[in-house]
Structure formats: structure tokens, C-alpha cells
Amino acid sequence: MTPQQQRRQAWIQHLLQSGLSIPDAQSAVNRYAEEHMGLPELAEEPGGFERLATLHLPNPSRLLPFSCCPDKDLVVVVSRLGIKDRLSLWKLQGTKKWDVEVDQGLPGSEEVVGLAWSPDGQSIIVAHHPPRLSMHSIQTGRAEPSMTISIPSSHDLRLTNIWWIKDPLDTLEEETEFPDLLSRKGFVPGSAHSKLMRLPFLDSFHDDNHSLSTTDLFGVQTGEPRSSGSVSRLSEVIESWPSLPSDLATASLAPVPRIGEKESRPGEELDENENLSSGSLVVISDNLGNLRFYLDGTYRLADVPLGLGTQVISLVKERQKASFIVNTSKTPPSPITNSPILWPLDPFSLKLPLAENRTQRRVAQASSSTRELASYLKRVTVEMRRAWYGDTGDGPRSIGPKWITSLEEVQRRHGYGRPSAVFDLTVLLATGRASVPLQDFLSTGEKMSDRGLLKWESTITDALRKLRDLSEKCAQMACQRIHLLLEEVKGWSLLPQYYGAYEFRTEDIELALDHAAKCIHVNIWLAAAAREELSRFREFMTWLRMEAGRANMSPNEASTTGISPKHDPLQTNEYIMSGLVSSQLDRWFTGEPPRYSLSEMAGVFPKAFDKVLDTALKTATSRTEVSWDQVIPRPDLSQFDRCMEPLVEQLASCCQKIFTAAAGAAGRMADVRVPESLRTIWGSGSNSQGLIREKSSWGDEGCIVRHVAAYVPAVGTLQSNLICYINIRYAKSEGRWAHQQIAVCVAECITQHTPADTGSYDVVGMEFFDDEQIVLVIRNSQKLRESGRAAAMLALAGSNEDSLGFETLPLPLDDTSSDPNSLVTVAVEQWHQGALEKGKRVVIKRIHELSGLSESGDVALALNGGRAVGCALDETGRMEMIDLATEAEDMLGSAILMVEDE
């Protein structure tokens with residue numbers, strides 16, 4: 001028998017077991033095979049699901065509600081090792097992609113409390129306790145620097161839920177009179193960003209926050225789990241700065257090259273790639289009743305308090321609006337133990353009007369670009385210090401003092417009680433006569449060899465050139481770009497009708513502009529000083545080589561050989577006195593930040609700048625204007641401090657303060673409408689002892705439907721386990737969402753579909769699959785009572801009104817039934833009294849034995865309704881991955897429909 005014939009016989013037997021006659025089964029199979037050019041593979045368990053993989057995780061593990069990727073066959077598992085959590089990413093076929101530690105190395109316990117997937121499916125945002133957020137790439141698990149969350153000192157803050165909402169805020173195109181040819185990436189022509197986009201990119205630097213691993217270098221993962229990122233080396237100012245996801249091109253910065261990446265074609269970084277996460281929102285809730293909104297996943301948009309004790313259960317965003325329907329539970333603000341939980345029947349209505357305004361995106365982009373440039377400026381400053389002093393203080397700056405120390409050691413060996421190397425060098429430069437120790441030092445030793453002098457010269461020359469280029473081409477340019485952005489922000493501060501909500505203070509912006517101007521001036525000054533130092537050093541090295549050659553000659557050779565000086569003695573003397581032991585460049589890395597004003601600096605020069613230009617022009621055009629007897633004193637600038645690092649820190653702090661205040665504007669303008677049921681009554685809803693799940697979706701005519709499913713175990717007078725379905729329909733009126741209709745259905749947990757056993761069952765796991773179906777994990781009740789053990793079964797059950805026959809509850813309800821939890825109690829009581837129809841059973845469409853899981857304990861579920869896959873994880877770490885949409889069931893349904901049509 002051929003494989004196709006075997007498949008045909010298997011399908012016929014399957015349809016016969018489903019109740020069809022032999023002719024009907026044969027006809028259905030033939031009709032389907034003719035229409036679809038063949039038959040699909042029969043499911044492993046006909047009428048059930050396909051098992052994709054079964055795993056046994058070594059450590060205690062758990063699944064979170066959003067563990068499954070919405071558009072890929074991936075699932076994130078949280079594992080516990082000691083008092084720390086870690087993340088692992090698995091393919092649903094059973095292979096692990098990566099396993100990373102996500103703790104910060106703190107001494108106490110750290111755990112993951114929630115996660116959400118980015119709209120493009122390339123990143124995961126993770127909520128932790130102690131409170132923080134971290135972003136991870138799905139390719140490697142590597143974490144970006146964590147976002148900090150302020151913690152009230154008088155409360156124990158704990159994050160509870162996290163959502164990443166895909167519906168973008170900025171879908172409406174901004175009307176403009178300029179043609180698209182003049183705009184780039186949506187920036188207004190003439191704005192600061194449009195100018196930045198047309199400037200050349202600044203040179204990039206490797207990110208010191210990430211150390212290379214064997215995976216980065218060779219693509220090989222070691223056996224031990226890799227840390228997703230150690231403690232961030234970014235300063236607290238940069239780390240707490242509100243920012244959109246990193247976009248170096250927008251800030252006029254060249255992208256940072258990474259190991260193993262292919263070189264991009266010229267101009268590729270300017271291409272406008274589609275960003276699916278643009279305009280999306282990350283929303284997190286905490287146990288103190290706050291909602292925190294992050295634009296594009298990283299920019300702190302708003303902190304909205306809903307009231308102490310308010311717990312957010314679910315959240316729905318209105319289409320094309322920054323408006324939200326927030327379903328909550330609430331505990332009374334009382335220290336009484338076991339205080340009841342109130343689930344308000346109506347949701348909170350929350351609107352962020354400022355988030356719908358284009359000004360919010362502009363402010364966020366200005367904050368992000370300024371942060372990128374400030375971070376770049378700090379890295380350049382650190383690189384300049386490293387170029388001059390080295391990593392451990394043994395850089396180019398230390399070569400001159402070490403050379404002087406070696407010369408003084410020679411002087412001590414010759415009996416000098418108080419050696420003075422600088423004095424002997426000055427005498428040699430002025431008279432051409434070397435002291436005995438200096439003659440000995442110049443003619444012998446490795447430091448005076450050709451190789452030693454060449455190394456000295458190349459090291460100092462490279463360092464001074466690097467200082468010149470970094471200050472002139474990197475730091476100065478970055479400060480100019482920051483100044484450009486701050487000038488635009490200053491303009492916004494003068495337009496309160498458009499930007500008043502952002503609380504831009506002109507005096508703060510002017511202070512930041514002053515710091516930026518000083519940074520520009522100090523870097524120009526440093527570049528000039530480095531050039532001057534390099535010129536003096538070259539003259540010094542020319543003279544030193546000449547004297548070293550003369551010291552190695554015999555007296556006869558020295559008297560007969562004429563050596564013509566090629567050095568400038570004044571420049572050489574300047575370097576001996578102020579460059580060899582102590583350098584003027586040290587002032588840029590030590591001391592205090594500059595506190596002078598640019599007008600004070602101009603006052604030390606004898607002439608105004610325009611007069612200097614007039615004198616230069618006259619001298620260049622007429623010989624009679626040349627006068628050799630003029631003595632122009634060099635201005636004394638020693639009283640002016642010029643240390644760059646604290647100045648850069650001051651600039652970054654001022655800018656961060658400006659943009660942090662602006663980031664809270666959307667929260668300050670938030671419109672929160674408290675539900676009437678919560679304002680008028682406090683309620684005393686009973687706390688159910690079973691499982692309760694809910695899901696909200698859009699209904700017809702702009703309504704919101706809140707689907708609630710509660711498992712009620714058999715207790716007291718209840719003879720069987722029940723599942724109570726509640727559908728609450730909301731409509732918007734006067735800015736609030738209020739319930740219009742409540743429909744309920746109470747169904748018994750009794751089934752005849754289980755292959756191994758029948759009868760009542762206990763529900764140990766439950767999650768909504770979509771708006772019309774719910775997935776249950778069930779165990780046979782009788783076996784549990786007899787032995788305490790029963791196989792876990794995965795069941796797909798219908799939850800829509802058509803299949804179950806919902807009944808409408810009369811409105812208005814009394815105070816005792818003002819929340820979904822109390823509604824369950826009321827519905828079960830009415831069912832028990834006969835007011836609601838009895839005899840209904842949970843409609844199980846498919847069922848599957850989870851043979852790989854333990855026969856006791858609860859089971860956690862993570863589902864992906866879009867791709868129709870799911871994972872079930874028991875308390876022992878055994879996990880089964882299931883395809884919830886097998887072709888076998890589709891074949892069965894098609895076959896039956898064909899027979900019915902005939």
C-alpha cells in the first residue's frame with residue numbers, strides 16, 4: 001500500500017470514529033482530495049493538537065502572559081537560579097537560541113515581573129524588581145543600558161504589568177507647504193534636525209559599555225549562560241535622560257561599527273527604513289496605582305497616578321487616539337488584613353492629549369539627539385584624557401618627566417647633591433656646553449638611541465595630533481550641534497501657545513547655551529595649544545638629536561665638523577621650561593571648570609578684534625606700516641580655568657534637567673475620568689477562590705467588550721465545578737466608558753470528549769485564546785479525589801455567545817454586584833436557584849493529553865492566538881509546546897460540511 005493510500009485509509013477510519021457512515025466517509029475524503037490535490041497528514045491525536053516539542057527545564061521556571069512572540073514561533077522562559085532570574089529564548093520546535101542573566105549583581109533578590117514584545121518582533125522589554133526596565137535583542141539577548149524608574153522613599157514600589165501597544169500615535173501626516181523634496185525623515189525644513197541631517201557625520205567611537213565575547217568574535221556560544229549586560233558605565237545623568245531609541249544618524253553621528261557586520265554602502269545610513277516601533281507605547285503599572293508611559297519603548301512620556309491601591313488588570317487603547325480604557329481592581333487603603341478586593345465594573349478613562357500633538361515628537365527627538373551628542377561629547381573627552389595620560393597614567397604625558405628623572409639619576413651618580421636637569425639643558429641650549437653628567441647621559445643609554453628618540457617623537461606627535469583632531473573635529477563640532485538644538489529649544493520657550501506645557505525655562509536654556517559656548521571655546525583653545533605644543537616639541541627634538549650626535553663625536557670631530565643648528569632656540573627653550581616636565585595641556589584635564597565669560601576673555605587682549613584686522617590689512621598692503629620696534633606683550637591667560645570634563649558634565653546636567661522637565665508634560669496634561677461605580681460606592685466584592693481571566697476587544701459600533709471567564713470550584717452546596725462567562729459591553733458617554741449590557745453564562749465542567757476518561761474535571765490553568773475561544777488545562781476530578789494525581793489535558797473551549805447561549809442580566813445592578821468578581825458570585829447564585837438556565841456544559845472543541853507534564857499541580861499557559869501556538873509549563877519545569885491549529889481538525893470540519901451539503 002502506498003503512503004497516499006495509507007493516509008486515505010487513516011482518514012476514513014478517523015471519520016468513521018466521528019460518526020459518519022462508510023459511504024459518507026469515503027465520499028468526503030474523495031471530495032476533499034480532489035479539491036485540494038491530496039490529503040494532509042493526520043494529526044498525532046485525531047481531534048486534538050500537534051505536539052511540537054517537550055522539554056524538561058533544569059531550574060524552576062515560569063511563563064509570563066506575553067511570553068510567546070506575536071509574529072514568530074518563539075517563547076521566552078524565566079528561570080530561577082538561587083535568588084536571581086534569567087531569561088532564555090526557545091524556538092517552539094524545542095531548540096534554545098540563547099540563555100542570559102538579567103540581574104545587576106545586587107546583593108539581594110532580583111526577579112523578572114513582566115515582559116512585552118516590540119511591534120517589529122526584534123526586541124523584548126523586561127520589567128524587573130527592584131524596579132527597572134531593560135531592553136533585549138532577540139538575536140543575542142544582549143541588554144541595552146537599563147531605564148531607571150524613580151522609587152518613592154516612603155513606599156515599596158513594585159512593577160506589576162507591562163504592555164507594548166502597537167497602534168502608532170503619529171499616523172496623521174503633518175500638513176506643510178514645503179515639497180517633500182526639502183524634508184528628510186519628516187523633519188520640518190529649517191529646523192535644527194533638518195540642518196543636522198545635512199551636516200557631515202562625526203567620527204564614531206566603539207561603545208565601552210559592551211565587552212566583546214567569544215560569540216561576538218567567532219559566533220560560538222560557550223556552555224555557560226552569558227550575561228546580558230553588566231552594570232552600565234554611563235553616567236547617571238546620561239542614563240536617566242529621557243530618550244527615544246538610539247538614532248545616531250538623526251544626531252549627525254556616524255554609526256558605531258560592530259564586529260562581523262558587513263560594510264554599508266555609501267549613504268545607506270541616510271535611507272529611510274520603516275520603523276514598526278515608531279509611535280508605539282510601552283505602558284507599565286505598579287502596585288502604587290501609577291501608569292507609566294514610554295514613547296517608542298524608551299522615552300518617558302507620562303506618569304499618571306490612578307490612586308493608591310489601584311491595580312491595573314487590562315488596558316485597551318482607542319484607535320488613532322492617545323486614549324485608554326483601563327480596567328482595574330482596588331483594595332481599600334486600610335492596614336486590615338485580608339481586606340476584600342473591589343473590581344470596578346466600569347473602567348477608568350484616560351486621555352493623553354499632548355501625546356497626539358506633533359510637538360511631543362519634536363521635543364522627544366530634540367531630547368534624544370542632545371543626549372546622543374552629550375554622550376558622544378563625554379566619550380570624546382574621556383578619549384582625549386586617555387590619549388594624553390593613558391589608561392593607567394603611563395601615557396605620552398609621562399615620557400618627558402621620566403626622561404628628566406633619568407637625567408637627574410645620572411647627575412646624582414656624578415655627585416650632584418641637588419640635581420637640576422632643566423638647568424643643565426638650558427645651559428647647553430644657551431652656550432653649547434654640556435655638563436659632565438649631561439654629556440654622559442646624551443652619549444649613552446637606551447633613551448638617547450635613535451630608536452628611543454624615534455619612539456618618543458612618534459608617541460608624543462601622535463598624541464598631540466589626536467588631541468588636536470579630537471578637540472577640533474569631534475568635541476567642538478558636537479558642542480556646536482548641541483548649541484544648535486538648544487537654540488531651537490530656546491525658540492520653543494518663547495512660544496507658550498504651542499510649547500507652554502513643556503515648561504521650558506528660558507534662563508535654564510540660556511545657562512545651557514553658555515556652557516555649550518564655553519565648551520566650543522575651550523576646545524578651540526585646546527586645539528591651538530596642541531598645535532603650539534607640537535611645534536615646540538618638534539624644535540626640541542631637532543635640537544636634542546643634534547646635541548646627541550655631537551655628544552657621540554670625539555673632540556677632534558666636534559672641532560672639525562661644523563653642525564649647523566636647524567632648531568628655533570626660543571621654541572626649544574619654551575618646551576624645556578613649560579612642556580618637558582609640566583605641560584600647558586594639563587590645565588584642560590585638571591583643575592576647575594571655566595567660570596569666565598567670553599567678554600572677560602576678550603578684555604585681556606590689548607586691541608579689539610576689528611582693530612587687529614585693520615592693522616594686519618595695512619601692514620600687508622604697505623611697507624611703511626611695518627615697524628620692528630613694536631613690543632606686543634603676550635596676554636596672560638593663566639588665571640582662566642579650562643578643565644573640560646566638569647564643564648561637559650555641567651552641560652549634560654543642564655540639558656538633562658531641561659528635557660526631563662519637558663518629558664513629564666503629557667502626564668501633567670493627562671485627563672483621568674474615574675468610573676462612576678468607583679466614585680459612588682466602595683463595595684465589598686468577594687474574592688473568588690478560583691481562576692479568573694479577562695480580555696478586552698473592540699466590538700461593533702465602536703463599543704468595547706470585556707470578556708471575563710472565572711473558574712468556580714465545587715464548594716459547599718455546589719455539586720460540580722463551573723465556569724462562569726461574563727461579557728460586559730461598554731459605550732462612551734460624556735468622556736467616560738460605562739457598561740450598557742451584561743451577558744452571562746454558567747456552564748458545568750463536564751465533558752465526554754476526553755479519550756482516556758469522562759466526567760467532571762478540575763481546571764488548573766486557563767487563558768483566553770482569542771475573543772471567542774479559551775484554552776483550559778484540566779484534570780479528571782474523580783482521579784484527583786482518589787489518588788491526588790491525574791493526567792493534564794489541554795482543551796480548546798468556545799466562549800462566544802452564539803455557542804453558549806448567554807443570558808442578559810437586568811440593569812441597574814445593586815451595590816453588591818458592582819464589580820466582575822461579585823458578578824460571578826451573583827451569576828452562580830442565580831444559576832443555583834434556577835434563575836439562569838441549567839444543563840449547559842463547557843463546549844470543548846478539541847482536547848489533547850499533555851503527556852509530558854506532571855500529573856499534579858497547576859499549569860501555566862502562554863498563548864499566541866495569531867500564530868495559533870502555545871506552551872504549557874508545570875511546577876516541575878516540564879514544558880510542552882503545542883500547535884493549536886492542526887490540519888487534522890480542519891480536515892474533519894471540511895469533510896463534515898461536504899457531507900452535509902450533499
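The values are calculated or read from the model by the stated rules, or taken from the named source; none is laboratory data. Note that the structure is predicted; figures quoted are calculated from it, not measured. Methodologically, a virtual Cβ is constructed for each residue, glycine included, from the backbone with ideal geometry; neighbour enumeration extends over all protein chains shown. Protein only, heavy atoms only, side chains kept; ligands, DNA and RNA dropped before computing areas. Shrake-Rupley method; radii C 1.70, N 1.55, O 1.52, S 1.80 Å.
Checking A143, A127 one by one, the residue that is over 23 Å from S252 (Cα atoms), open to solvent by less than 40 Å² (accessible area, probe 1.4 Å) and at pLDDT below 85 is A143 and no other.
The helices (runs of 4 or more DSSP H) found entirely in region 423-505 that carry 2 or more residues being open to solvent by less than 10 Å² (accessible area, probe 1.4 Å) are 436-443, 450-469, 476-493.
When the residues of region 159-169 are filtered to those that are assigned to a loop (DSSP other than H, G, I, E, B) and buried (at least 17 other Cβ atoms within 10 Å of the Cβ), the one that is modelled with the lowest pLDDT is L169.
Yes/no matrix, rows are residues, columns are (1) modelled with pLDDT of 80 or more; (2) outside the structural domain of S435 (by the TED database); (3) among the small types (G, A, S); (4) in contact with a strand residue (DSSP E or B) (Cβ under 8 Å, 6 or more places away or on another chain):
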| position | (1), (2), (3), (4) |
| --- | --- |
| L544 | yes, no, no, no |
| G549 | yes, no, yes, no |
| T572 | yes, no, no, no |
| T590 | yes, no, no, no |
| G603 | no, yes, yes, no |
| T619 | no, yes, no, no |
| V626 | no, yes, no, no |
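Among the conditions (1) in contact with a Leu (Cβ under 8 Å, 6 or more places away or on another chain); (2) at pLDDT below 85; (3) not in a helix (DSSP H, G or I), V672 misses just one, which is (2).
Of the candidates E409, E383, the single residue that is within 23 Å of E533 (Cβ to Cβ) and either part of a helix (DSSP H, G or I) or hydrophobic (A, V, I, L, M, F, W, C) (or both) is E383.
Exactly one residue out of L884, L892, L873 is buried (at least 21 other Cβ atoms within 10 Å of the Cβ) and modelled with pLDDT of 90 or more: that is L873. When S851, S856 are screened for being outside any helix (DSSP H, G or I), at pLDDT 80 or above and open to solvent by 70 Å² or more (accessible area, probe 1.4 Å), only S851 passes. H155 meets each of the listed conditions (1) modelled with pLDDT under 60; (2) in a loop (DSSP other than H, G, I, E, B) apart from (1).
Quick grid of which residues meet (1) open to solvent by 30 Å² or more (accessible area, probe 1.4 Å); (2) assigned to a strand (DSSP E or B); (3) under 17 Å from P131 (Cα atoms):
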site: V77; (1), (2), (3): no, yes, no
site: D85; (1), (2), (3): no, yes, yes
site: D99; (1), (2), (3): no, yes, no
site: L106; (1), (2), (3): yes, no, yes
site: S109; (1), (2), (3): yes, no, yes
site: L115; (1), (2), (3): no, yes, yes
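Looking for something within 18 Å of W543 (Cα to Cα), hydrophobic (A, V, I, L, M, F, W, C) and open to solvent by 40 Å² or more (accessible area, probe 1.4 Å) - is there at least one such residue anywhere in region 390-406? Yes, some residue in region 390-406 is within 18 Å of W543 (Cα to Cα), hydrophobic (A, V, I, L, M, F, W, C) and open to solvent by 40 Å² or more (accessible area, probe 1.4 Å). Within region 633-645, is there a residue that is modelled with pLDDT of 90 or more, part of a helix (DSSP H, G or I) and under 32 Å from the mean Cα position of the chain (by Cα)? Among the residues of region 633-645, at least one is modelled with pLDDT of 90 or more, part of a helix (DSSP H, G or I) and under 32 Å from the mean Cα position of the chain (by Cα), which makes the answer yes. The number of residues in region 314-342 being closer than 19 Å to N821 by Cβ and modelled with pLDDT of 50 or more comes to 11.
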